[in-house]
Structure formats: C-alpha cells, structure tokens
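Some notes on the structure that comes next.
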Amino acid sequence: MTVRIGPYLITESIGAGSFASVHRAVDERLDDTVAIKILAENHSMNPEIRERFIAEGRALRRVGGHGVPAVYDIGESDRQQPYLVLEHADRGSLRERVETLRARGWIARPHDLLALARPLAAGVAEVHRARLVHRDLSPGNLLLASHATPADEPPLGSHLVRDDERLLLADLGMCKDLAVNSGLTVAGGTSGFRPPEQDAPGTVDTRADIWAISAVLSWVAEGATLPAAFTRALSRGRSTRPARRQPDARTWLREVEDALAPPAPAIEAPQPAPHAVPPRRRGMITAITAAVAIAAGFVIGIWVGGDPPTPSVVPGASISISGPDEISVGERAVFTATVSGVESWSWSLPNHRFIADEADVTITPTSPGTGEIVLRSRTDDGDDLEARRTVRVVD
C-alpha cells in the first residue's frame, strides 16, 4: 500500500522512538530522497509535546551549518500529526557503524578517533554558537551522510568516519535554549552518555555536551591502547563537576589532537631575527613586561590592593580569560584569551612565566592551593587592560 504524507511518498521506516518515528521518503517534486520525522498520533494533541517537536525544527534551522541535518520542510498530516522533512543520512548511525566494525574485529586507532573527534567538535561548536545545548549526544544520534571530500581536507583513511562522509548531530528534541530558558532543566538523555547533572532536574550548560562527547569517544576507543594523555583529556571531559571540564569544544579537540598526535621531531627552534617585532608592538610588550615586574608579576592568592583594579573592558577594547575554576594536582588545564580592539597581550602564570601574544596557555599544577592567571594588554590610546582568573587546585 502506498503511503503518503503531504507531497512525500513513504518508502521505508528507519527508526522509532517514544514520541516520533522516522521514515525514508521520496520528494517526487524534486526527485530526492529525504527523511521524514513525524510525531506519534497519541502525542499530537498534547500542546507541550507538539511544541517541543516543532521547536526541534526551529533549532536545526537556527544551527544550520555543516554538522546538523538540513531542514527542508515542515507540515502536518491529515491526522494532525506535525512532521519535519530532513536531510537523509544515507550511511546510518555511528552506533551501527561501530557495531558493524567491531563484529569484524576492528579496534579504534588514533586516526579513527581523530576522524570522529574533529567533525564531532565542529558540530558541537555550531550548536553552542546558536546558544543551544544538545543534551542528548549519543552514538545513536550521530548520523553519517554521503559527502564529497573537500579538496582542502587531508584524507585520514578511517573506516569509522570515511573521507567521503559527513557526521551529523541529529535529534535536537531535548535541546536547551540558553537564550530564553532559565538555568534549570528537566532530567533526560541517553543512559551511558548522559552527564551527571542531567540525572535529575538541575542546572545544565554547554559543558554537559563536553561530558557527552567525551563519553562517545571513550565508547569508541574501548579496547584500544592509547596514550595516557588521551585518557586524561577524556577523563577531564567527564569530570563530575562541570567547572573541571574543558570550557568549550575547541579546547576539548585541541587536547584530544595533542594527545593523539605523533611525537614531533626534535628540531631546534630558529632564533628570531633582530627587530622581528614591529617597533610599536615591541614597545607595547616591553611596557607590559615592565608593568608585570613592577606589580611583582603573578602572585599565588587573590589580588589585594588599595587602588581600584585595572579594568578588563574600556570603550572599543576588551580582554577576558576562559578556563576551569578548579583543577586537580597533575591535571593539564588550558586557558584561552579572548581579546578585542588590541594587537598584543601578555600572560602571567603561576610558575612565574611571562608569555606574550599566545591565544592559549597551559598549566599543570604540582601542589594544591589557589592562584591566579593574569592577562594584560594596552590599547592604542594607552589604556591599560587586565583580566584575572582565580584557580583552585585540589588533591
């Protein structure tokens, strides 16, 4: 029997959940294969569930980009069931791919994990830029679709996510909108890939997705012998306390890539040529260095002084630091500078190191205590800027 939903001819059922089912269909107007997600009939009259289903389509359109399924259409069946017409992921799910490979004796290798981690982090970053938290990242919700290999992407030759495939973050039905919702959210997520803060109603932010993608990569890496640094990066991502996790997908990916990269050859770094730094920029760095020395540089503990603190924001310029508020002894922590309206800046670190113009700095504490990371800069108009981040180190 031919089944139609609106102008779409249903050809096969490809998935079903508690609230909705997914079908492969043909758009006969464009002669194209699509996926149709339709809300179950018994839920279609529930206004709250109905609105959440439609909101998923809005969320996918809001994210857009390369890492989520495209939304082509939205409609309602003759039984008043809302449906979404989505890009068809013709290569199945990550869960299906891993289970098929494991049945053949496959064990993940570093290039397999990189082939997954890179598009996974990129997709999560797209979701977070849209001010959304996915809240249900799991192997079954990560889909694979045919895709021509971009010329500027070197092939990895992985059987996990192949060079001619895209990884898609699907099923945003549980996503949280940070722009309009309060901090509190209901419990939910897939068992084994659900962060602890989603086990019960509570506060959830983007770091919940960092926990989930760390769990996904850990699941894929089961049985593999990998560097200790890789295990540490994923352990940090799965910290019980969100403040100990990587602050964003970019930092998470950098730690994973650093851990899986082959050792670099020992090559002596070239010495900078005289006057390699432009005079104005060099003068600014020198002035910052002097300011650090006069202020006694980085000090362990919280800044105390009689004068008002130097601002981190002035008209036309700002600086800030992102990174964890608490870390463990021996844990590698990355801090990132966000700067606007300035061309140079300097870091002052707990080990009394001074670093200029690096976007990120890394510390690994050797004993418990409290310290500060300090970021300083100066505008073209001579205004000093300073950002501080207090970090607690625990055993």
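Things worth noting here:
- If only the Cβ of Lys and Arg carry +1 and only the Cβ of Asp and Glu carry -1, the dipole of the stretch 1-67 around its Cα centre is close to 240 debye.
- For the stretch 231-241, backbone phi angles converted through the Karplus equation (6.51, -1.76, 1.60; θ = phi - 60°) give residue-by-residue couplings of 4, 5, 4, 6, 5, 5, x, 9, 4, 4, 8 Hz, Gly and Pro being listed as x.
- Summed side-chain charge close to D32 - residues other than D32 whose Cβ falls under 13 Å, Lys, Arg +1, Asp, Glu -1: -4
- Its Cα gyration tensor gives the stretch 108-170 an equivalent ellipsoid. The semi-axes, each the square root of 5 times an eigenvalue, are 21, 13, 11 Å from largest down.
- In Å, descending, principal axis extents of the Cα set of the stretch 1-60: 34, 26, 18
- Cα-based Rg of the stretch 344-383 normalised by 2.2 N^0.38 Å, two decimals: 1.37
- Sorted largest first, the principal axis extents computed over the alpha-carbon atoms of the stretch 1-115 equal 49, 33, 27 Å.
- Farthest positive-ward along the stretch 51-149 dipole, Cα basis, beta-carbon charges - from V124, A108, S138: A108
- Net dipole in debye of the stretch 38-190 [+1 Lys, Arg Cβ; -1 Asp, Glu Cβ; about Cα centre; nearest 20]: 460
- A compact globular protein would have a Cα radius of gyration near 2.2 N^0.38 Å; the ratio found for the stretch 191-242 is 1.17.
- Working note: Debye formula, equal point scatterers on the alpha-carbon atoms of the stretch 66-179, no solvent; log10 I(q)/I(0) at q = 0.11, 0.12, 0.20, 0.21 Å⁻¹ is -0.41, -0.49, -1.15, -1.23.
Rule-based calculations on the coordinates, nothing more; no lab input. What you are looking at is a predicted structure, and each value in this text was computed from that prediction instead of being measured. Glycine also receives a Cβ, built like all others from the backbone with ideal geometry; neighbour counts cover every protein chain displayed.
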